[in-house]
Amino acid sequence: MMRFIKDVLLPEKTKSYYLFSKIIVGVEINKTSIIATKTRIAGKTCTIELILEEKISEETSEENSDPISTTLASIFSKIGSYDEIHTILPASLIVFKELKLPFLAREQIAMVIGFEVEPLLPFPLREAAIDFIITKEIPEEKSSEILVTAVQKQHIIQHLQLFAAANLKPEVITVDMISLYALYKEIETYKQLAGGTVLLNITSYSTSIALIIDGQLKIIRTIPKGTITFTKQIAQDLNKTPQEIIDHLVRFGLEPNTPSEYSSGIEKAILDWWNTINFTLNSFATQLLNRQPITKIIFVGNGALIKGLIPFIAQKSNITCEIFNTENIEKNTNFTIKNSNLITPMNVISVSATLPVATITNYNLAQKEFQVTNNFLLLTQLISIGIFTILLFAILITHYYVQTNKLTKEVKASEKEALSALTSTFKSLEGETNLKEAIETAEREVEEQKKRWFAFSNQSRASFLQYLFELSKIESRKTIDLNVEQISISEDVLTLKAEVKDHEAIQTFSRELGQSKLFKPFESPEIPQFTMRIPLARSSEENL
């Protein structure tokens, strides 16, 4: 029942507040290991419940034909239940482009982003999966600065196939440096950094560089050189095996107590690597910082754990360097770390992919054909719509019948009351049960009574004798030889059938009759023998 309410009746969240708890698993697949973070979100609180890392076996067999998928299955057997998988693509696969568009709403930007970025891509738009983050809003200009990320669909397909082999379906695909930047913006001490700051993610085979200016992510570049690059160079220069060099770097790194036979070779290889990185930083400073210096470099990734590396880079670059301060994550009141889980520069990107921070709330490269379709949920929603539709019609029909029945009862009661009033007034209607027939009978009786009363009533007009007297006065004043054959009076009209001696008599009669206050204007006859209708004046009109 709770799942039904959660999936169908109520939204998952309102703004940034989650109405129901949700478990997200962030998965980062590296060349040698897989890191997974399990985070529970409830309300505005995020609890990091579990962080796992497993090495990817290099051996293959019939049972272990795909080491990555096997390792994924092993990790998820330990994670238990979850709601969503957020997986991470390396920045080395991504094309980054910064744009400024005359929109503030993300929905409007999404409608045009494809057209805007298409000329800037090194591959056709139809082969790309794209999304963006808003790095700066400019309300006074009603515009936004955004960072667009584009990746060839073939890379997404290959990435998802690793999960499909383990019967897993990621809902969200993000990028390591995008998620890291989103977490960076949530840490209070980093929010206050002004000028140019660099996030440096050193992995086994590459180094990703993100330039942040006054809190705004401006550009990301990936150099195809990582810890394996200088490890192989050191091993070749010192005639050692790569594993010996790795063991030495883990134990001693660049610390002063490094055995002399290693120190020169290690410093030379790392300095070569750093010169490549520093060239990119100098180009950033020239293009984007107007030759102002970069003020801080923040390190993450497995390379950040090489002993003495950060002081060595700080000395060579004269820039303040530090490891990504994961302790600051715990200072955020919305983030909680459960049990003995420890966030390190190695797993911080996996952690960042699980957090519902504002910068990447709607960011997802798994769009269109890569979106996971929940057929069961869709079926449930369709069934629910059908049920609610039927229920709505049932309520409407029930309401209709209830109101109709109520009105029918009111009508019958009113008819009974009206019939009772009629029968009490008209004694001839006693025993009548049909209201319509009773009304018709009453109307006929009223009409008859009005006719009877008409002959005797002079309240609205003069009496019959007055009209005869008026006609006789006219005849006596003027010699017109009026011979009356018939006079009839209805409620408003006197009908006179008579004869006069000639046409002149007609005019005299009409003129005299028109001067009488008892009659209204009438149509004068044209021949001596006539029948005319004379409208009768009301009593109120006679006095005018």
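Values as computed for the structure displayed
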quantity	calculated
Residues that are under 45 Å from the mean Cα position of the chain (by Cα), exposed (fewer than 14 other Cβ atoms within 10 Å of the Cβ) and not polar (S, T, N, Q), drawn from region 257-298	ARG291, PRO293
Output for region 429-439, where each listed residue is farther than 16 Å from SER414 by Cβ and either in contact (Cβ under 8 Å) with a residue 60 or more places away in the chain or loosely packed, with under 11 Cβ neighbours inside 10 Å (or both)	GLU430, GLY431
Test: residue in region 327-342 that is at pLDDT 85 or above and assigned to a helix (DSSP H, G or I)	no
Residue match in region 293-310 (condition: in contact with an Asp or Glu (Cβ under 9 Å, 6 or more places away or on another chain), modelled with pLDDT of 90 or more and in a helix (DSSP H, G or I))	yes
Unmet criterion (only one of (1) loosely packed, with under 14 Cβ neighbours inside 10 Å; (2) in contact with a Ser or Thr (Cβ under 6 Å, 6 or more places away or on another chain)) for GLY301	(1)
Which listed residue, of ILE130, ILE156, is of a type outside the set (Ser, Thr, Tyr), in the same structural domain as SER69 (by TED's automatic domain parsing), closer than 24 Å to VAL357 by Cα and surrounded by 15 or more Cβ atoms within 10 Å (Cβ to Cβ)	ILE156
ILE35 being under 20 Å from SER350 (Cβ atoms), assigned to a strand (DSSP E or B) and either under 27 Å from the mean Cα position of the chain (by Cα) or modelled with pLDDT of 95 or more (or both)	yes
Conditions (1) out of contact with any helix residue (DSSP H, G or I) (no Cβ under 6 Å at 6 or more places or on another chain); (2) touching a residue at least 12 places away in the same chain (Cβ under 8 Å); (3) not in a loop (DSSP other than H, G, I, E, B); number of the one not met by VAL112	(2)
Residue in region 217-236 that is under 29 Å from the mean Cα position of the chain (by Cα) and either polar (S, T, N, Q) or buried (at least 16 other Cβ atoms within 10 Å of the Cβ) (or both) present	yes
Any hit, region 180-192, residues being under 24 Å from GLN292 (Cα atoms) and without any contact (Cβ under 8 Å) to a residue 24 or more places away in the chain	yes
Test: residue in region 342-364 that is of a type in the set (A, V, I, L, M), outside the structural domain of GLY43 (by TED's automatic domain parsing) and under 43 Å from the mean Cα position of the chain (by Cα)	no
Residue list for region 269-291, filter: in contact (Cβ under 8 Å) with a residue 40 or more places away in the chain and of a type in the set (S, T, N, Q)	THR276, THR280
Among (1) touching a helix residue (DSSP H, G or I) at 6+ places or on another chain (Cβ under 9 Å); (2) in a helix (DSSP H, G or I); (3) farther than 29 Å from LYS31 by Cα - the single one GLN287 does not satisfy	(1)
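Per-residue answers, yes or no, for (1) surrounded by 15 or more Cβ atoms within 10 Å (Cβ to Cβ); (2) modelled with pLDDT under 80; (3) within 30 Å of ALA418 (Cα to Cα); (4) out of contact with any helix residue (DSSP H, G or I) (no Cβ under 6 Å at 6 or more places or on another chain):
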| residue | (1), (2), (3), (4) |
| --- | --- |
| GLU448 | no, yes, yes, yes |
| TRP453 | no, yes, yes, yes |
| SER457 | no, yes, yes, yes |
| LEU471 | yes, yes, no, yes |
| GLU504 | no, no, no, yes |
| GLN515 | no, no, no, yes |
| SER524 | no, no, no, no |
| ILE527 | no, no, no, yes |
| GLU541 | no, yes, no, yes |
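The values are calculated or read from the model by the stated rules, or taken from the named source; none is laboratory data. Bear in mind that the values here come from a model prediction, so they are computed numbers and not experimental data. Glycine gets a Cβ as well: all are built from the backbone with ideal geometry, and neighbour counts include every protein chain shown.
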